[in-house]
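The values are calculated or read from the model by the stated rules, or taken from the named source; none is laboratory data. Source: prediction; values computed, not measured. Backbone-built Cβ (ideal geometry, glycine too); neighbour counts: all protein chains shown.
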Amino acid sequence: EPSLRAAGVRLVWQLDDAASEVELPAAETLHVLRIVREALTNVIKHAHATVVWLRLEARGTQRLALAVVDNGLQQRMSEAQVDMPLFVPPSIVHGGRGLANMQRRATALSARLDSGPHPEGWAVTLELPLPGAAAG
């Protein structure tokens, strides 16, 4: 949060009650933490955002969804009635090591990772099975 604040980005936490009760094993927690940290670093480095939302919600009894959503480039350009930004950092277009590392961590969690435009701007979403959920 201090790094976001120093970059002029306000962090908004959105946590549903069911998700707040979930406990992940230490190794899984570390993967999730590093995915979130990379997503937030990308917001600071590339998005030119003023707000980032960190959303955590339980999806039924089987899945947990975590999203990092910012109001960066995509949103600002759409407000100017332009479909896509005039400049998209190469790391977003071609995927730098950060995105590859996030995907590798998601795979280790048997999770799905999505990254792309979102109505607010840009989103990185991780959907992972809850501990004890039956493999489907």
When you check residue 49 against the structure, is it at pLDDT 90 or above, in a loop (DSSP other than H, G, I, E, B) and not charged (D, E, K, R), yes or no? yes
Counting only residues that are modelled with pLDDT of 85 or more and part of a loop (DSSP other than H, G, I, E, B), the stretch 116-136 contains a total of 3
The stretch 101-114, residues that are in a strand (DSSP E or B) and either among the basic types (Lys, Arg) or surrounded by fewer than 19 Cβ atoms within 10 Å (Cβ to Cβ) (or both): 112, 114
Could you tell me how many of the residues in the stretch 4-31 are outside any loop (DSSP other than H, G, I, E, B), hydrophobic (A, V, I, L, M, F, W, C) and in contact (Cβ under 8 Å) with a residue 40 or more places away in the chain? 7
I'd like the residue in the stretch 2-37 that is out of contact with any strand residue (DSSP E or B) (no Cβ under 8 Å at 6 or more places or on another chain) and within 18 Å of residue 72 (Cβ to Cβ) and, out of all such residues, is surrounded by the most Cβ atoms within 10 Å (Cβ to Cβ). 7
